[in-house]
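The values are calculated or read from the model by the stated rules, or taken from the named source; none is laboratory data. Keep in mind it's a predicted model, so treat the numbers as computed, not measured. In this analysis, Cβ positions are derived from the backbone assuming ideal geometry, glycine residues included, and neighbour counts consider all displayed protein chains. Keep in mind that these areas ignore ligands, DNA and RNA; they rest on the heavy atoms of the full protein, side chains included. Shrake-Rupley method; radii C 1.70, N 1.55, O 1.52, S 1.80 Å.
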Amino acid sequence: MDSTAPISRLNLLFCVIAVDIVRLLPDSVANQIAAGEVIQRPASCLKELVENSLDAGATSVQVIVRDAGRTLLQVVDNGQGMSERDARMAFERHATSKIREAADLFSLHTMGFRGEALASICAVASVEVQTRREEDELGTLLEISGSNVVRQEPVQCAKGTNMRVKNLFFNVPARRRFLKSDQTEMRNLLNEFYRIVLVNPEVEFTLVSNDEVLWDLKKGSLKQRIEAVFGRSGRQPYSKQLIEIQSDTDVSRIYGYVSKPENANRNAQQFFFVNKRFMRHPYFHKAIMTAYQGLLHNDANPSYFIYFDIPPETIDVNIHPTKTEIKFADEQVIFPILLAAVREALGKFNIVPSLDFDTAGKVEMPLPHRSNTIPSTSDFIQHDPSYNPFHTKGTDWHTADKNWSDLYNPLRDIITQQERATPLLFESGDSSNTQSLPIQRTGGAPYQIGNKYIVLPTLQGLMIIDPHRAHALILYDLCLKRLKEHNGEVQQLLFPEIWDVGIEDEQLVESLEGYFRSLGYDITRLMRGSYTVSGVPAILGNQNALTGLQDILDNMRELGEAAQSERERCIAWTMAKNAAIPYGKTLTEEEMNDLISKLLSRSDYRLTPSGKVVAVLLNNEQISNLF
Ligand code: ADP
Ligand code: MG
């Protein structure tokens with residue numbers, strides 16, 4: 001016998017065992033497993049049954065539940081009904097009348113398509129269905145329990161379908177235990193019901209729970225349906241609290257209602273629907289919240305009922321049977337469209353003052369996220385040689401602490417001298433003739449005093465550096481370069497922001513657009529007086545996206561007519577100041593060294609372009625004079 005024989009025998013043995021182990025599950029078990037995915041609670045069962053009724057063209061749907069759907073969940077419709085054979089087929093897995101081939105998946109116009117729901121429901125409950133088509137004299141009665149057909153016979157019944165689902169999860173104790181209190185399950189049922197009735201105002205619905213009629217919704221317009229469902233408790237008619245939105249573009253039709261900002265409250269109703277399907281969409285939610293920016297009180301949320309009609313092939317509803325997230329191919333395009341639609345609607349009702357054309361110009365624009373320290377452009381055009389940074393009135397933090405400036409009084413002369421000695425960059429337009437003394441470091445480490453100034457021992461004396469201004473000066477060079485070379489690196493924002501500039505400044509923004517783009521801003525006009533900002537210069541890091549833009553705009557407005565180079569310097573410096581490390585930031589030794597080496601490699605490191613002190617050098621003599 002050769003040596004491989006035992007191995008072959010062993011292989012054979014494995015094969016036999018393998019064949020023995022791997023078996024196809026009986027359909028009833030497969031259905032039960034799948035049911036766990038599709039039918040998680042009475043609410044999901046309700047959704048599947050009512051959607052089937054709507055797919056069958058019903059104009060009237062009655063829902064009857066007992067014990068929050070645990071013991072009974074019945075849906076009666078006047079739709080097209082089923083033939084005897086179809087009724088039988090309907091409960092088979094993947095039996096559906098709605099798609100025939102894979103390609104149909106991408107052009108869905110019905111709610112169901114997987115053919116899983118009925119198979120799943122009858123695997124975990126007892127189902128009794130009576131159904132009749134218009135053309136049939138007799139209908140079909142079918143009773144199925146735990147996937148087994150218990151009874152099938154002809155029956156006299158109304159046209160349409162009557163599905164009774166009894167004792168949900170009777171054969172899956174783990175699922176039964178997983179259900180919450182009746183109250184919670186009822187709330188889930190109602191939420192599911194709202195999501196359906198809000199997209200089908202032309203269908204009448206009733207909902208009866210434990211013999212009590214909870215809802216009796218007549219058919220009507222969308223607005224009437226929303227009012228009927230949510231308008232019962234409000235003091236003011238609900239329809240008066242809503243504003244219509246409308247937007248037709250190539251990519252989508254958007255319509256619906258949003259609440260006026262003053263009617264925003266803590267338990268707002270927020271609904272998105274796409275092609276008559278409820279969906280959650282955090283990204284589009286953000287678009288709406290952005291549209292309300294600056295218009296809401298604390299904790300208040302706007303209500304919205306927003307409907308998208310969109311070519312089915314541009315969305316993916318196939319993620320998961322019970323998931324409500326839907327992926328859009330054109331999300332980035334739709335975001336600003338939605339934002340604009342809501343903005344426009346709010347504007348039409350004079351809620352956003354910028355859009356009130358009659359009063360335009362008289363209205364002070366609300367500017368979200370504006371910095372409260374808007375630098376004056378006088379920085380750029382005039383320079384007072386006796387200017388002393390330690391005596392500045394205003395928001396400069398140097399003045400915030402009087403004792404601090406007093407302490408440095410003896411240094412005032414030294415600093416003033418340095419300032420006088422240096423012509424301003426803005427005046428000369430050329431920094432090459434303003435050389436600072438070359439500095440040689442001692443090898444001693446820099447030290448930051450109180451999260452503010454950096455102190456550095458050098459061979460020439462003691463150097464004190466303002467880190468914010470130093471960083472701004474370094475970024476200033478970078479920004480100037482970007483402006484010349486038009487190659488600012490863009491950092492895309494996850495959520496575009498709205499920049500309200502006001503109609504008055506629109507032309508100015510247009511004239512600056514080239515500069516903005518060169519720096520790395522990605523802005524597009526949204527509507528009169530508003531822009532969407534979808535990208536910001538990468539050097540801004542986590543700083544507020546709008547502050548820098550607004551500062552540039554304000555400074556340029558003040559600067560007025562000016563030479564190109566002057567405009568560029570003003571823009572670069574404003575940008576640099578916004579992007580520079582803020583005061584009060586603790587720096588690591590590495591950061592300090594990086595900052596120092598970049599600063600000292602400049603031909604002039606002493607003053608900002610607006611003439612403020614960046615670094616002071618106290619030489620030996622000056623230090624002696626202090627004592
Ligand atoms: P799907 O809805 O994904 O097709 P279902 O399991 O929910 O799968 O339903 C299977 C089939 O049963 C449907 O395709 C439809 O032909 C039929 N059906 C289910 N409910 C109804 C109803 N209320 N009226 C008419 N036909 C129905
Ligand atoms: Mg279905």
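Of the solvent-accessible surface of region 467-538, computed with a 1.4 Å probe over protein heavy atoms with every protein chain present, carbon and sulfur atoms account for 51 percent. The residues packed around ARG93, meaning those with a beta-carbon under 9 Å from its beta-carbon, carry a net charge of -3 if Lys and Arg are +1 and Asp and Glu are -1. Residue by residue, region 196-205 carries 3J(HN,Hα) couplings of 7, 5, 6, 9, 10, x, 7, 10, 8, 10 Hz when phi is fed to the Karplus relation 6.51 cos²θ - 1.76 cosθ + 1.60 (θ = phi - 60°); x denotes Gly or Pro. Divide the volume of the convex hull around the Cα atoms of region 469-509 by the residue count and you get 134 Å³ per residue.
Length gained on full extension, GLU489 to SER239, computed as 0.36 nm times the residue gap minus the Cα-Cα distance: 85.3 nm. For region 27-215, the share of accessible area belonging to carbon and sulfur comes to 47 percent (1.4 Å probe, ligands and nucleic acids excluded). Working note: Karplus 6.51/-1.76/1.60 with θ = phi - 60° gives region 470-475 the couplings 4, 5, 4, 5, 5, 5 Hz, where Gly and Pro are set to x. If a/c stays under 1.5 just call it rounded; otherwise compare a/b with b/c (prolate if a/b is bigger, oblate if not). Do that for region 27-215, with a ≥ b ≥ c from the square roots of the Cα gyration tensor eigenvalues. Rounded, because the longest to shortest axis ratio a/c is under 1.5. Counting protein heavy atoms only, region 232-348 has 45 percent of its accessible area on carbon and sulfur, 1.4 angstrom probe. Whole-Hz Karplus values for region 162-172 come out as 10, 9, 10, 9, 10, 6, 4, 6, 4, 9, 10 Hz, taken residue by residue from phi with 6.51 cos²θ - 1.76 cosθ + 1.60 and θ = phi - 60°; glycine and proline positions read x. A 1.4 Å probe run over region 442-555, with the rest of the protein chains in place, finds 38 Å² accessible per residue. For region 27-215, the relative contact order is 29 percent, taking Cα pairs closer than 8 Å that sit 6 or more residues apart in sequence and dividing their mean separation by the residue count. Between the alpha-carbon centres of region 540-594 and region 606-627 there is a gap of 24 Å. The value of relative contact order for region 232-348, using C-alpha pairs under 8 Å at least six residues apart, is 32 percent.
Full extension of the chain between ILE449 and ASP182 yields a length gain of 89.7 nm, computed as 0.36 nm times the residue separation minus the alpha carbon distance. A Förster radius of 51 Å combined with the Cβ-Cβ distance from TYR255 to GLU590 puts the calculated FRET efficiency at roughly 0.35. Applying the criteria of a DSSP loop state and at most 11 other Cβ atoms within 10 Å to the GluC sites (Glu not before Pro) of region 543-595 yields GLU561. What region 27-215 shows is 46 Å² of accessible area per residue, with the surface traced by a 1.4 Å probe over protein heavy atoms. Distance between the 7 Å Cα→Cβ label points at LEU296 and ILE623: 5.8 nm.
Here's how it looks for ASN301: its modeled amide H is under 5 Å from those of ASN265, ARG266, ALA268, which are all 5 or more places away or on a different chain. Taking a 23 Å limit on the Cα-Cα distance, which of the listed pairs LYS260/LYS327; LYS47/LYS219; LYS159/LYS219 fall beyond it? Long pairs (Cα-Cα over 23 Å): LYS260/LYS327.
Fully extending the segment from ARG557 to LEU214 would add 117.4 nm, taking 0.36 nm per residue of separation and subtracting the current Cα-Cα distance.
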